[in-house]
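Each remark here refers to the structure printed beneath this line.
The numbers here are math on the coordinates, done by the rules we state, and not lab data. Owing to the predicted nature of the structure, the values given are computational and were not obtained by experimental measurement. Here the Cβ positions follow ideal geometry from the backbone for every residue, glycine too, while neighbour counts run over all protein chains shown.
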Amino acid sequence: MSSHGSPWDSFDVAIIGGGMVGSAIGFGCAERGARVAMLDEGDVALRAARGNFGLVWSQSKGDGMPAYAAWTRQSVALWPALAERASTLAGRDVQYRAVGGLTFCLDDAEFAARQLFVQRMHNQGQEGLQMLDRHQLRELMSGCPLGPEVRGASYQPADGHVDPLTLLRGLQAGMRAAGGVHLPGASVESITPIAGGYRITRADGSEVSARRIVIAAGVMTSPLAKMVGLDVPVRPVRGQNIVTERLAPLLPLPASAIRQTGDGTVQIGVTSEDDGSFETATTTAALSRMAARALRVLPVLAQARMVRSWAALRPMTPDGFPAYAESRTHPGCFVATCHSGVTLAAVHAGRLAEAVLTGTLPEHARDLHPDRFVGMTHVSSH
Amino acid sequence: MSVADEWTAAKDGAAPVAEKVDLLVLGAGPAGMAAATEARAHGMSVLVLDENAAPGGQVHRAVEARLPAKDDQDKDGAKLAAAFRASGAQYRPGATLWAVEPEGKVFWSEAGAARSVRAERLILCAGATERPLPIPGWTLPGVMSVGAAQIALKTSGLVPEGAVWLAGQGPLLWLYAVQALAKGGRIAGIVDLSPPGGLRRAQPHLLRALKAPEYLWRGLVWQRQVKRAVQVIPARDLRAEGEGRLARILVDGVAHPADLLLLHDGVVPNTQVTRAIAGLTHGWDPVQRCWRPGLDLWGNTAVPGVMVAGDSGGIGGARAAALSGRIAALEAGRALGRITTDERDGRAGPLRLLRDRQLAPRLFLDAMFPPLPEAAIPDETVLCRCEEVTAGRVRQAVALGCLGANQTKAFTRAGMGPCQGRICGPAVHGVIAAARGVQGGEVDPFRTRFPTKPLTLGELAALAG
Amino acid sequence: MFRRTEPTDCTIEWEGRALPARAGESLAVALLAAGITSFRETPVTGTARGPLCLMGACFDCLVEVEGAQNIQACLTQVTPGMRAGIQHGARGFVDDAA
């Protein structure tokens, strides 16, 4: 589908990026009555949304960045409503289950370290997060064949999980249902200010003009942000995933790095390989380590067949926290990047979409401005 | 050989032994057997991994159990297998390769344990797989592929009997009918779905095809033999019906009782492994309507050290496959310094002439039997059998903006099951192309990733250092 | 459906029923020769399935063999007395770590 010369070539908002972040914002804008175009690359784009683990997760978010923690909690609170809408729009249950979430500890040292982390998060305002010892864990998940090495876990009752691919489908279907246009198949080459807005030129020669632009291009954010005068350093961090065949119910609660999906498959993740490479091949070395740890949690999985593995690139900022900004030199041009597109989908489709239309970033998002990266070297990811 | 002893030991439960070989050959079909035999003749150490229990691949399956060979195909196969057995190549039956990593590191599973080896060079001879022929009801028990029935015939002497129907098109369908009838089998009928006008389309390629007239002659003889014994119904529309198992087929709306329906729509290169290798490019073959790895005249791919021979590089049949196996092995010998470039060229010259002759009828056959159009697949037809995804749902995904198989997979789960898209891949790809109204080459196929065969987490975890 | 042209030499047990078979042939072929077409019920909708390809690719011939689940019948060689049965839905687990 080409927009060239069609009556659709001028939009209220053009979203650059059809991943989880772009689709949520695009859906939110369209739903608020804006005419939205979502520009996307082709079938094999470096899509973090495809590598997402599907956790709706607050327990590990925002250590040292209270604004991010609060922003996350806000999104988690809005998730039930989003899940219902996305399921309707996708024509299929997005399988959102806020059953609580775990981070397993496989020995005393892991347990002690996690305990310290939980205390720290508690002191920064996270409520409900607690440590469970093995006995409490077994009570919480009776019948779950936990391995003998499982010492305990941190537990956040508000956390949960979702099928991220059905969510993505629902968001995109919702954007279309609200009159939005999806233009996949070409990358963006330039952004030029014109009267009343901007003109976007794409690699296939097509042009799209819009009053406002949101750059939500994941690992490709940096060069695009530069086009509108924003400096947003983002580097790719590879995450490898394993999925098994469908299994009978086994693990009732999702955990960091292992969860049983609503379809019965067990997903094991996710490596965090920070080598700057844009390569998305899987490696046997990494997959075997992931499998070995999963078997320490659930030894019965040794007989389960893995059916798929893949790697995706997640966008990582220097401090690992999201970045939101409106350009000072190019008013109406926004950037939004994070590696928690699923958890934050509810605020992206809500308050952030509203902000794009009104021009005022909400509290918390405002505190996540990329100006903070000036002079910062790459540090750990969160 | 000490290598063999160590592997044998590993089989008995010791830790897998990492070893190095000059050449690793994947597959013991005609291409793999011939490649291994040729490579051994030039002094290379050769390891052959094959999933089956005995050499032969699909075309010569279980050939050693049918000695002395009676027909031409078995004679070819028996000769290849005997030379291969005598070649001194390390042969690992029941071995499933599941990863090829940089620097020739290869992983496979055997008897429930994962192993690995480092190979200077690889010749991948993964053969062909049947192109799926999705029709409404093809998931019912009692519907199988013609290739499956041929395996049952070759390995256990099972012949069709009762309300058995063959449907689709292509040489293998007629060959199976001949083989089954010769063994005393009975076939209720053949539903010929080949698009009309085959001979007219193929005629421009006749002269070239006559360079190897035995192919055409054989095809005519097969059809004549079969048509004498079995009714052939030309048709456009086929459905399978039944409750819990196949009970009848509907041929252009006319019902016939059926307890076994065998489908066939030609074969496509098996690219499951090559597509997973980073940097290994593939191109769309618009005539055979399939993806094939980009190869030079020797079988070199875009990735140094990785070669492809036989049908997995493009459909050419068993004899052409064996010749490309030998040609690839000569090039491997040159690359490894076992023979000079002149020796390679001298030995390969006659083989290449022979191969050209074997490939001569291809265009004729391809024009005779173009793959059935995916646009005609009814919406309610299941494409992805594992995840039970219909053609209609794939078309919905295209309407939602999916340009290729990968985003379609994300939105529909098509290709996410244990077969890893092996069965549905060509059909999902074709339905997307037809729905978008573009050529197949413009639609990205399923991206495959290692492990390219499902293995247990236990096997995988055992490799963790 | 199919008729054997070669003799059998052992029996196997399918869903508790004795069937003639040949040692070394694939379990899938032995079942087909005995007229069995339904090998499993899918984990997606529970509908009955039988083998499609007999060459290890389609995963439609999954059965239970000697208590082990989701075994590809076409890649399993018959041994005399082998016990097998329908694979019902997804692979299940018994909690023996409890």
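Numerical summary
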{"read-out": "Too-long pairs where the Cα-Cα distance tops 25 Å, listed order kept, from A:LYS61/B:LYS409; B:LYS183/B:LYS453; B:LYS20/B:LYS453", "value": "A:LYS61/B:LYS409; B:LYS183/B:LYS453"}
{"read-out": "Descending semi-axes in whole angstrom, ellipsoid equivalent of the stretch B:132-265, from the Cα gyration tensor", "value": "26, 18, 12"}
{"read-out": "Viscosity 1.306 mPa s, 10 °C: Kirkwood-radius Stokes-Einstein D of the stretch B:411-465 over Cα pairs, µm²/s", "value": "121"}
{"read-out": "Contact order normalised by residue count of chain B, Cα under 8 Å, 6+ apart, percent", "value": "18"}
{"read-out": "Acute angle (nearest 10 degrees) that the helix A:284-297 long axis makes with the longest principal axis of chain A, alpha-carbon atoms", "value": "50"}
{"read-out": "Relative contact order for chain A, counting Cα pairs under 8 Å that sit 6 or more residues apart, in percent", "value": "26"}
{"read-out": "Binned Cα-Cα distance frequencies in the protein assembly as shown - 10 Å width, integer %", "value": "2, 11, 20, 23, 20, 14, 7, 2, 0"}
{"read-out": "Spread of Cα-to-Cα distances over 20 Å intervals beginning at zero, given as percent, for chain A", "value": "29, 57, 13, 0"}
{"read-out": "Rounded to the nearest 20 debye, dipole of the stretch A:11-134 from Cβ charges on Lys, Arg, Asp, Glu", "value": "220"}
{"read-out": "Charge dipole (debye, nearest 20) of the protein assembly as shown; +1 at Cβ of Lys and Arg, -1 at Cβ of Asp and Glu", "value": "1740"}
{"read-out": "Principal-axis tilt of helix A:66-90 within chain A, Cα atoms, nearest 10 degrees", "value": "80"}
{"read-out": "Extreme residue, positive dipole direction of the stretch B:238-305, given options B:VAL254, B:TRP298, B:GLY242 (C-beta unit charges)", "value": "B:TRP298"}
{"read-out": "Dipole magnitude of chain B about its Cα centre (Cβ charges: Lys, Arg +1; Asp, Glu -1), debye to nearest 20", "value": "840"}
{"read-out": "Span from the the stretch C:1-51 Cα centroid across to the the stretch A:100-176 one, whole angstrom", "value": "45"}
{"read-out": "Relative contact order of the stretch B:396-448, defined on C-alpha pairs under 8 angstrom at six or more residues apart (%)", "value": "43"}
{"read-out": "Rounded, prolate or oblate (a/c below 1.5 giving rounded, otherwise prolate when a/b exceeds b/c) for the stretch C:8-98 by Cα gyration tensor", "value": "oblate"}
{"read-out": "With Cα atoms, 0 to 90° folded angle of helix A:164-177 axis to chain A main axis", "value": "30"}
{"read-out": "Cα lying deepest toward the dipole's positive end in the protein assembly as shown, options B:TYR176, B:VAL21, A:MET227, charges on Cβ", "value": "B:TYR176"}
{"read-out": "Residue among A:ALA248, B:ILE432, C:VAL63 farthest towards the positive dipole end of the protein assembly as shown, charges placed on Cβ", "value": "B:ILE432"}
